[in-house]
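Down below is the structure, laid out as structure tokens.
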Amino acid sequence: MKASQELHMELSRCPQLFIDPSTSLPHPHLRPLVFCFLTCLIMMARSSDHRDSFKRRRCKWVNGPLIVGAGPSGLAVGACLKEPGVPFVILERSNSIASLWRNRTYDRLKLHLPKQFCQLPKLPFPVDFPEYPTKDQFIDYLESYAARFQLNPQFNETAQSAKFDDTCGMWRVRTAASSNAEVEYICRWLVVATGENAECVIPEMEGLKEFGGQVIHASDYRSGEAYRGKQVLVVGYGNSGMEVCLDLCRHNSFPVMVVRDSVNAHPHPTAT
């Protein structure tokens, strides 16, 4: 009891420490862990190494995993945690789920694999979807998925850094919101679901700076309409490169593809 009273007094002196009331304790046996965690937080607040960060931002404890990213992977993890009742928080830097699918894909995009290999856990695609759903159909599916499992990401909040703190055995994830508010989340488990292609890369190439024409990444390409009648060099032979070339051809452009290694190409019977 005395230790609890002392802890309460110390917490009252640290207004930056905040525990989300929505993160209730599902099991009584976790209370000693929480007590230990709060004690560690107070030690951090007292420490000269951490004092400045406590003054600048609010600290928020997550009673479960912190998931960074509200794309397909982040939503799938959330749904699998939701069913057994494990609390979690999803952070998303944009203002919607599946932001890469909405904002950084070309118009003709479809799933590159049959839908049965792309569905998320616990919810299949609608039976009336084609074998290769369009990007709009996939976004609708993700919206339905989030609604079905009551997943409510915190939008417009960007994770800036993540560090495991040996002082308390917790992850410390610093974020910045569109409102310029800074928060430091404290959690035992961190799930990074930001996507392997979240950042576009344009490699350094000789003569690129002297080239007077337009240079764009595939994530900024939408349609070949803007390139009708023009010559276009496409670098790369992946799914995106092939799709862009096909789209350019269908808009009466003149694409040329540069490939680093030899490849074997086979036409898809349902390509349109």
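The gain in end-to-end length when the A265 to D140 segment is fully stretched comes to 41.8 nm, 0.36 nm per residue minus the alpha carbon separation.
Which net charge results for the neighbourhood of G195, defined as the other residues with beta-carbon distances under 12 angstrom from its beta-carbon, given Lys and Arg at +1 and Asp and Glu at -1? Net local charge, G195 excluded: -1.
From least to most packed, judged by other beta carbons within 10 angstrom and beginning with the fewest, V215, V62, V191 follow the order V215, V191, V62. Distance between the modelled labels on A177 and N95, one decimal in nanometres: 1.6 nm (7 Å Cα→Cβ projection). Summing charges over neighbours of F149, with a neighbour being any other residue whose Cβ is under 10 Å away from its Cβ, gives +2 when K and R count +1 and D and E count -1.
Label-to-label distance, R228 versus K82, with points set 7 angstrom from Cα along the beta-carbon direction: 4.4 nm. For region 197-202, backbone phi angles converted through the Karplus equation (6.51, -1.76, 1.60; θ = phi - 60°) give residue-by-residue couplings of 10, 5, 10, 7, 10, 10 Hz, Gly and Pro being listed as x. Between Q160 and V256, the modelled labels are 4.6 nm apart [label points 7 Å from Cα along Cα→Cβ]. The calculated FRET efficiency for E204 paired with A147, based on their beta-carbon distance and R0 = 45 Å, is about 0.55.
Every number here is computed from the coordinates shown, using simple stated rules; none is lab data. This one's a predicted model, so the numbers in the text were calculated from it and none came from an experiment. All Cβ positions, even for glycine, are placed from backbone atoms using ideal geometry, and neighbour counts span all protein chains on display.
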